[in-house]
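Heads up, the thing below is written out as structure tokens.
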Amino acid sequence: MEKGTSMRSDTQRNRRELVNAAGALFAARRGPINMTDIARHAEISTATAYRHFASVEDVLAEYRFNVGQKLRDYSLKQTTGGLELLEAVSRKWVDLVVKHGGAMLYTRSGEGYLARLRTGAFYLTVQAEALQRPLEEACAELGLSPLGDEALFLWNILFDPREILDLINTVGLTKQQASERLVSALRGALVGWDENKAATGQ
């Protein structure tokens, strides 16, 4: 193997190990976690860790991006449509949130979901790609006008990882119950939102 290829391989491996380490640490979090903790868990020097990522939040953003890719890949493979597709993709998201746990919760941004999405937060754009067709087709099936980013906004409010884990860990719902009730709430929210837009002409 050529030296350049070996270095690229090492770089990719180190980056991957850091992302995996952050996911594992935050999934089992018992207190504050810093870049030194992540580097130690990945068995990589802290200096090397900072060559790959500027902050803990940057590492977790890549972790969230990887999870979002799984959702997008799942969504693109589906052959169903409309509400059935939206339910399937939303159920997959709940599964991913439960699987990855605390690693899905960390963010320090003071901006709202749509502001981050519109400025190109890469871990959110891949999730939005997964939801574009399901939300568009669900709105069409319900006889609603296209809601675009507003539909994404409503989905995000209901399917925030914190709220999903709260329903499961605090209320005691199963993953299936949480998925079904959240989709039902989303359906009502989309209808109500569209009705208000029509009534106000905005």
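The values are calculated or read from the model by the stated rules, or taken from the named source; none is laboratory data. Remember, it's a predicted structure, so these values are computed and weren't measured experimentally. A quick note on method: Cβ atoms are made from the backbone with ideal geometry, for glycine too, and the neighbour counts reach across all protein chains shown.
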Out of A47, A21, A61, A39, which single residue is farther than 30 Å from A140 by Cβ, assigned by TED's automatic domain parsing to the domain that holds L135 and aliphatic (A, V, I, L, M)? A61
Restricting attention to the stretch 184-202, which residues are without any contact (Cβ under 8 Å) to a residue 24 or more places away in the chain and within 17 Å of P134 (Cα to Cα)? S184, G188
Which condition from (1) within 20 Å of the chain's Cα centre (by Cα); (2) farther than 28 Å from G102 by Cα is the one that D160 breaks? (2)
Any hit, the stretch 94-113, residues being of a type in the set (G, A, S), in a helix (DSSP H, G or I), surrounded by fewer than 19 Cβ atoms within 10 Å (Cβ to Cβ) and modelled with pLDDT of 95 or more: no
I'd like the full set of residues that are in contact with a helix residue (DSSP H, G or I) (Cβ under 7 Å, 6 or more places away or on another chain), at pLDDT below 90 and not aliphatic (A, V, I, L, M), limited to the stretch 24-63. F26, R29
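Across the stretch 158-186, which residue is nearest to R91 (Cα to Cα) among those that are basic (K, R) and surrounded by fewer than 16 Cβ atoms within 10 Å (Cβ to Cβ)?
First pass over the stretch 158-186, keeping only residues basic (K, R): 162, 175, 181.
Adding the requirement that they be surrounded by fewer than 16 Cβ atoms within 10 Å (Cβ to Cβ) leaves 162, 181.
Details: R162: 15, R181: 11 Å.
This residue is R181.
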If we scan the stretch 101-118, do we find a residue that is assigned by TED's automatic domain parsing to the domain that holds L60, within 20 Å of S184 (Cβ to Cβ) and of a type in the set (G, A, S)? no
Return the residues of the stretch 15-32 that are closer than 20 Å to Y123 by Cβ and surrounded by fewer than 20 Cβ atoms within 10 Å (Cβ to Cβ); say none if nothing qualifies. R15, R16, E17, N20, A24, A27, R29
Quick check on F153: is it in contact with a helix residue (DSSP H, G or I) (Cβ under 8 Å, 6 or more places away or on another chain), buried (at least 18 other Cβ atoms within 10 Å of the Cβ) and under 25 Å from L76 (Cβ atoms)? no
Counted residues in the stretch 5-33 being closer than 24 Å to V97 by Cβ and among the polar types (S, T, N, Q) come to 1
Number of positions in the stretch 149-183 that are without any contact (Cβ under 8 Å) to a residue 60 or more places away in the chain and within 27 Å of T125 (Cβ to Cβ): 14
